[in-house]
Amino acid sequence: MDQKIQIIEEKISFFQNEMSNLSDEIYNQQKEIKDLKLQIKILKSDLENSKITNVNNLNILDDIPPHY
C-alpha cells in the first residue's frame, strides 16, 4: 500500500511541475502576443503616416515617363 501511495505522490508531483511549466509558458506567450500587437500598432501608424506624407508629396509630373 505504501508503494502505491508513493507512486501516486510522484505522479502528483510530476503533474504539479508540468502545470507550473505550462503556466510559465502561457505567461510568456501572452507577453509575446502583447508585444507583437504593440509592434503591429506602431507599424500601422507608421504606414498611415507614410501614406499621408507620400500623398502630400505627389507631383503630376512624376507620373510622366521620361521619353515624353
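Rule-based calculations on the coordinates, nothing more; no lab input. As the structure is a computational prediction, the values presented were derived from the model and not from experiment. Cβ coordinates were reconstructed from backbone atoms using ideal geometry, including for glycine residues, and neighbour counts include every protein chain displayed.
Side notes on the structure shown:
- Phi angles of region 25-37 translate, via the Karplus equation with coefficients 6.51, -1.76, 1.60 and θ = phi - 60°, into HN-Hα couplings of 5, 5, 4, 4, 5, 5, 5, 5, 4, 4, 5, 5, 4 Hz per residue; Gly and Pro are given as x.
- Environment charge of residue 40, counting only residues whose C-beta is closer than 12 Å and scoring Lys/Arg +1, Asp/Glu -1: +2
- Largest first and in whole Å, the equivalent-ellipsoid semi-axes of region 1-42 read 40, 4, 4, each the square root of five times a Cα gyration tensor eigenvalue.
- Remark: region 8-21, residue by residue, has Karplus-estimated 3J(HN,Hα) of 5, 4, 5, 5, 4, 4, 4, 5, 5, 5, 5, 4, 5, 4 Hz, where x stands for each Gly or Pro and the curve is 6.51 cos²θ - 1.76 cosθ + 1.60 at θ = phi - 60°.
- Neighbourhood charge, 15 Å Cβ-Cβ cut-off, centred on residue 12 and excluding it, Lys, Arg +1 and Asp, Glu -1: -1
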